[in-house]
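Colleague: Sharing a structure here in C-alpha cells format.
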Amino acid sequence: MPCKYVIEDIEKGINEANWLARFKQNFSKTIGSEAGYWEEDLRLAGEGAGFLAVYTPTDPEAQRVLRVLQPLNPKQMRRYMKFAIERLV
C-alpha cells in the first residue's frame, strides 16, 4: 500500500470515529493493540514508507515470509493474529 493511502486511512479512522470507537482506540493503545501502532505507522508513512500485507495464518508461513523479506531490511514487520499482534521485526 502506498504511504498516501496509509496516512489517509489512519487519519480517517481517527477523525471519523464516534465516541465508542474513540474509547476502543484509547483502550487498545494501552494494551498494545492496533491503534497503538498508528502513530508509528503515520511517522513511517510520512517518511515515504510503503506497506505490504501478507496473509500468514500459520506460524510456518509467517516464518517463511519473514525469511524472504528480512534481507530487504524492513523497518517493521507485524503479524496480526486473532487476539494479539506479534512484532516480527
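Colleague: Would you check which residues across the stretch 47-89 are among the small types (Gly, Ala, Ser) and under 22 Å from Lys4 (Cα atoms) and list them?
Modeller: From the stretch 47-89, those among the small types (Gly, Ala, Ser) are 48-50, 53, 62, 84; that's our starting set.
Result: Gly48, Ala49, Gly50, Ala53.
Colleague: Still on this structure, please answer the following. Quick check on the stretch 49-88: of everything there that is in contact (Cβ under 8 Å) with a residue 12 or more places away in the chain and hydroxyl-bearing (Ser, Thr, Tyr), which residue is surrounded by the most Cβ atoms within 10 Å (Cβ to Cβ)?
Modeller: Out of the qualifying residues, it is Thr56.
Laboratory data are not the source of any read-out in this text; all were calculated from the coordinates shown. The structure presented is a predicted model; accordingly, all values stated were derived computationally and were not measured. Neighbour counts are summed over all protein chains in view; Cβ atoms, including those assigned to glycine, are modelled from backbone coordinates with ideal geometry.
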